[in-house]
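Below is one structure, written out as structure tokens, with a few remarks after it.
Computed from the coordinates by the stated procedures, all read-outs in this text should not be read as laboratory data. As the structure is a prediction and not an experimental result, all values here were calculated from the model. In this analysis, Cβ positions are derived from the backbone assuming ideal geometry, glycine residues included, and neighbour counts consider all displayed protein chains.
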Amino acid sequence: MSNISEFSLTKIVDGIKKKDFSSEEVTKSFIEKSKNSKALNSYITECFDYALKSAKNFDKKKDTKGLLSGVPLAVKDLFCTKNVKTTAGSKILYNFVPTYESTVTKNLWSQGAFLLGKLNCDEFAMGSSNETSFFGKVLNPYGKELVPGGSSGGSASALAAGLTPATIGTDTGGSIRQPASFTGTVGLKPTYGRCSRWGIVAFASSLDQAGPMTKNVEDSALLLQAMSGYDPKDSTSIDTKVDDYTSKLTEKVKGLKIGIPKEYRVENMPKEIDEIWKKGIDYLKDAGAIIKNISLPHTKYALPAYYIVAPAEASSNLARYDGVKYGHRAKGKNLIEMYENTRSEGFGDEVKRRILIGTYVLSSGYYDAYYLKAQKVRQLIKNDFDKSFADVDSILTPSTPSSAFKTGAKTDDPVSMYLNDIFTVPVNLSGLPAISIPAGYDKNNLPLGLQLIGKAFDEQTILNLSLAIEKRANFKKNFKVWWR
Amino acid sequence: MSIDKNTVKHISKLARISLDKKKVDDLSKDLTSIIRFIENLNKLNTDKVNPLTSIIDASLKSRSDEVKDGKIREQILKNSPENNGKFFVVPKVIE
């Protein structure tokens with residue numbers, strides 16, 4: 001069956017269970033396509049031999065108890081995988097081979113999936129275009145001059161191109177949702193604490209969260225269920241029940257109240273973004289939801305606050321890369337010089353910028369003016385959401401202020417790159433779950449996404465609303481294969 | 001506030017990242033534009049606001065104080081650029 005790689009994750013799981021096809025057939029189909037798609041540069045490490053061996057082993061036993069039995073999955077190269085190189089897209093970890101497995105990937109494997117490969121990403125997940133990776137930029141299936149978004153750009157590109165049935169990414173300020181929006185795929189950032197962060201290369205610990213990236217909403221529910229759960233090894237993961245998202249998934253959303261925040265209508269936003277937002281409102285009205293205008297007055301302060309909190313936490317987290325314990329080491333006359341040269345050679349420009357901004361805002365005499373101020377603003381942003389959620393069940397916004405842009409278009413101006421995350425960052429600052437779903441195309445035939453924000457630990461509601469939109473938007477991928 | 005070249009040199013020393021002259025110039029420009037963007041926050045009065053300390057209302061769980069792992073020196077040293085089988089090796093610190 002040659003078109004297996006076009007199937008959804010759910011269809012593949014069902015097909016293997018019903019013996020319509022074998023895990024080996026599935027795995028071969030994705031390996032073949034991946035091998036023919038090197039021009040996208042979505043992989044950093046291929047584990048094709050291991051995947052094929054795992055598939056054959058699976059077919060011998062056919063144990064289909066797991067949610068993902070017999071399914072090969074490629075994952076973002078930010079998840080530590082035992083005995084498989086994990087680089088975080090950085091030169092400083094170019095040779096790092098973890099001796100342990102991240103909890104989230106371990107959860108996937110215990111549900112019967114196995115590793116297909118490690119996918120490219122912005123260096124340490126810092127970027128919105130997947131152009132900062134030490135292993136080269138990733139391209140978008142929608143055009144060879146287009147970025148796939150970032151930081152989970154390799155994941156989004158591989159998924160859209162059909163190189164993996166589904167994938168997982170991480171989202172610190174939009175790194176799952178923005179690339180999903182740019183590639184016409186579904187990306188969900190769960191509530192902070194829903195998934196364990198143990199074994200994920202840390203960027204900004206109070207914002208980072210792993211989540212599913214899938215071809216459709218049904219797959220998103222399935223993969224979220226497989227990866228979620230409390231983990232004693234992550235003290236910020238929350239010991240609360242994980243819903244059976246799949247069996248509770250329904251497009252019946254009649255009577256749910258949806259907030260439309262006026263502050264998300266920003267200056268110079270393309271008309272098409274506004275139009276897709278209106279379409280989304282119409283779809284939900286058609287499904288019987290009640291639309292309410294709301295205000296999130298501190299929205300415009302979210303991005304500046306984020307660019308204090310995230311770099312501050314990053315500068316602290318990345319202090320561990322010193323050329324002593326793992327990764328790249330440069331030469332130096334003494335210990336200090338070895339540190340300085342290692343970090344200078346090992347980190348790319350964007351990572352250096354963020355470490356230095358973080359070091360600056362945390363340095364003596366500036367803490368109150370920057371970090372403390374940002375944490376106060378963060379409280380105000382969270383209060384905005386808390387007030388709104390007393391009144392509505394979910395909030396609908398565009399996912400991004402534009403469709404995918406050209407490579408090189410924003411690399412010279414860090415602030416213009418940061419503005420990409422204007423609609424996604426407030427959610428991370430508040431710890432809330434949010435999903436991006438493809439809803440249509442702009443005039444250049446590039447996908448546009450809509451974002452649904454939910455109450456803490458209420459991923460089910462945003463999945464259900466997404467399903468209602470998905471059924472009505474009837475989005476179909478429409479790129480022509482240019483890379484093989 | 002602008003981040004001049006001396007400030008860039010100071011913070012790069014704190015962050016243990018060596019920079020050549022061209023990088024210092026570039027970073028001074030980039031970091032200044034980022035800090036100016038951040039300073040939009042000064043338009044907002046936050047005198048009466050308490051800073052956020054936790055985004056999820058949950059207290060940390062306690063656990064019993066017992067050793068569950070350990071004896072993994074080999075694993076810990078496995079990825080080090082230089083070790084002597086027992087310890088990490090770094091350039092000489094004391095003359």
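Computed over the protein assembly as shown, the alpha-carbon pair-distance distribution with 20 angstrom bins reads 22, 57, 21, 1, each value a whole percent.
With a cut-off of at most 11 other beta carbons within 10 Å, and DSSP calling the residue loop, which GluC sites (Glu not before Pro) in the range A:255-304 qualify? Please list them.
Here the GluC sites (Glu not before Pro) that fit, given the DSSP loop and packing criteria, are A:Glu267.
Computed from backbone phi with θ = phi - 60° and the Karplus coefficients 6.51, -1.76 and 1.60, the 3J(HN,Hα) list for the range A:309-325 is 4, 5, x, 4, 5, 5, 4, 6, 4, 7, 5, 6, 8, 10, x, 9, 8 Hz; x is used for glycine and proline.
Can you put A:Met417, A:Met269, B:Met1, A:Met227 in order of Cβ neighbours within 10 angstrom, beginning with the fewest?
Numbers: A:Met417 20, A:Met269 17, B:Met1 13, A:Met227 26.
Least to most surrounded, the residues fall as B:Met1, A:Met269, A:Met417, A:Met227.
Rounded to whole numbers, the Karplus 3J(HN,Hα) couplings from phi for the range A:443-459 are 5, 8, 6, 9, x, 10, x, 10, 10, 10, 9, x, 6, 3, 6, 10, 4 Hz, using 6.51 cos²θ - 1.76 cosθ + 1.60 with θ = phi - 60°, and x at Gly and Pro.
A dipole drawn for chain A from +1 and -1 charges on Cβ atoms has a positive end, and of A:Thr99, A:Pro179, A:Ile238 the residue lying farthest that way is A:Thr99.
At 222 nm, what helix-only mean residue ellipticity would chain A give, in deg cm²/dmol to the nearest 500, using -39500 (n - 2.57) for each DSSP H run of four or more?
On the way: 16 runs with 175 residues, N = 484.
Helices in chain A give a 222 nm mean residue ellipticity of -11000 deg cm²/dmol.
Where the centre of each part is set by its Cα atoms, how far does the range A:192-234 sit from the range A:375-429, in angstrom? For the range A:192-234 versus the range A:375-429, the Cα centre distance is 20 Å. Close amide H contacts of A:Phe114 (hydrogens built in the peptide plane, cut-off under 5 Å, sequence separation of 5 or more or a different chain): A:Val71, A:Leu73. Debye calculation, C-alpha points only, no solvent: report log10 I(q)/I(0) for chain B at q = 0.11, 0.20 Å⁻¹, in the same order as the q values. Those come out to -0.82, -0.99, one per q. Given the pairs A:Lys254/A:Lys300; A:Lys76/A:Lys137; A:Lys215/A:Lys476; A:Lys410/A:Lys477, which are separated by over 22 angstrom at their Cα positions? Among A:Lys254/A:Lys300; A:Lys76/A:Lys137; A:Lys215/A:Lys476; A:Lys410/A:Lys477, the Cα-Cα distance tops 22 Å for A:Lys254/A:Lys300; A:Lys410/A:Lys477.
For the range A:327-413, report the translational diffusion coefficient in µm²/s to the nearest whole number, using Stokes-Einstein at 4 °C, 1.567 mPa s, and a Kirkwood Rh over Cα pairs.
Details: Rh = 17.6 Å.
For these conditions, the coefficient is 74 µm²/s.
Taking the charge dipole of chain B about its Cα centre, with +1 at Lys and Arg Cβ atoms and -1 at Asp and Glu Cβ atoms, the residue from B:Thr46, B:Ile72, B:Phe87 reaching farthest to the positive side is B:Phe87.
Put simply, the amide H of A:Asn140, placed in the peptide plane, has neighbours under 5 Å in A:Leu146, leaving out anything fewer than 5 places away on its chain.
Phi angles across the range A:364-378 convert, under the Karplus curve 6.51 cos²θ - 1.76 cosθ + 1.60 with θ = phi - 60°, into 3J(HN,Hα) values of 3, x, 10, 4, 5, 5, 10, 5, 5, 4, 5, 5, 5, 5, 4 Hz, Gly and Pro given as x. Remark: chain A carries a charge dipole of roughly 700 debye about the Cα centre, counting +1 on each Lys and Arg Cβ and -1 on each Asp and Glu Cβ. Taking amide H as placed 1.01 Å from N in the peptide plane, A:Ser399 has its amide H under 5 Å from the amide H of A:Gly449, A:Leu450, A:Gln451, each at least 5 places away in sequence or on another chain. Take each residue of peptide B:41-51, count the partner chain Cβ atoms within 10 Å of its Cβ, and average: the result is 5.
Packing, taken as the mean count of other beta carbons within 10 Å per residue, orders the peptides A:75-85, A:424-434 from highest to lowest as A:424-434, A:75-85.
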